[in-house]
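First the structure, in the form of structure tokens, and then the observations on it.
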Amino acid sequence: MLFQTILPRKGVPGASAGFTLLELAIVMVILVIVSGGAIGLFVMSSASRKLKRAGAEIEVLAKRAHTAAVTRQTPYALVFTPRHVELRTLAATSGNNQAAPGGQPDDQPAKVASGSFDLDGDMTLKFRHWSDKDWREIGDKDAYVWRFDPDGLCEPISVRVEYGSDWLEESFHPLTGGVKSVNMEAK
């Protein structure tokens, strides 16, 4: 009768109140199972949360590029490298410092649109053109430029962010630069 108190139980003469070792062991096992499940859910939701954040950042940059291109009448671009996405004027991606016809010179500060996003260390970035069947990886020394024109059009692409075996895919609309569809698998 380990771990029993010396208080008598009501209605049972000579019995003491308390918990037996078996009852305590069962409670401990239940606590371990519940806490293990909670930790598992936290780890899984961590990958999901990182993927959703990366997708949201890319979407925000795409909307900024679309808005800036239309309002400033200057082509803008999102430049994708293996671990980085950056919003620039299109001229800044090629080293050309000229404005589009009727647009503002690109040497003016781009206060309307700017921004960048760094992927977490274990994330990788892929893209797919509307006519491609397979995802394209961006090499270490490569960059992919997604152009946004002053007429409001952009190339319809899909972006895939991978984090281990988990992934998030976003397809973008060519008229709005916004997300058209999202697919995600987080285990």
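The values are calculated or read from the model by the stated rules, or taken from the named source; none is laboratory data. Note that this is a predicted model, so its numbers are computed, not measured. Reconstructed Cβ throughout: ideal geometry from the backbone, glycine too, with neighbour counts over all protein chains shown. For accessibility, only protein heavy atoms count, side chains too; no ligands or nucleic acids. Shrake-Rupley method; radii C 1.70, N 1.55, O 1.52, S 1.80 Å.
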| query | Under the condition of being at pLDDT 85 or above and hydroxyl-bearing (Ser, Thr, Tyr), which residue from the range 85-116 is most open to solvent (accessible area, probe 1.4 Å)? | reply | Ser116
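Any residue at all in the range 37-45 that's farther than 18 Å from Val145 by Cα, in a helix (DSSP H, G or I), of a type in the set (S, T, N, Q) and at pLDDT below 80?
Residues of the range 37-45 that are farther than 18 Å from Val145 by Cα, as a first pass: 37-45.
If we keep only those that are in a helix (DSSP H, G or I) too, we end up with 37-45.
If we keep only those that are of a type in the set (S, T, N, Q) too, we end up with 45.
Within this subset, residues satisfying the condition of being at pLDDT below 80 are 45.
Within the range 37-45, one or more residues are farther than 18 Å from Val145 by Cα, in a helix (DSSP H, G or I), of a type in the set (S, T, N, Q) and at pLDDT below 80.
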| message | I'd like the full set of residues that are open to solvent by 60 Å² or more (accessible area, probe 1.4 Å) and of a type in the set (Ser, Thr, Tyr), limited to the range 117-155. | response | Ser131
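Being open to solvent by less than 40 Å² (accessible area, probe 1.4 Å) and assigned to a strand (DSSP E or B) narrows it down to one of Val182, Val161, so name that one.
On the way: Val182 fails: open to solvent by less than 40 Å² (accessible area, probe 1.4 Å).
Unique residue meeting the criteria: Val161.
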| Failed criterion for Lys187 (all others in (1) at pLDDT 90 or above; (2) more than 19 Å from Ala77 (Cβ to Cβ); (3) touching a Gly at 6+ places or on another chain (Cβ under 9 Å) hold) | (1)
| remark: Those residues of the range 164-179 which are buried (at least 18 other Cβ atoms within 10 Å of the Cβ) and among the polar types (S, T, N, Q) amount to none
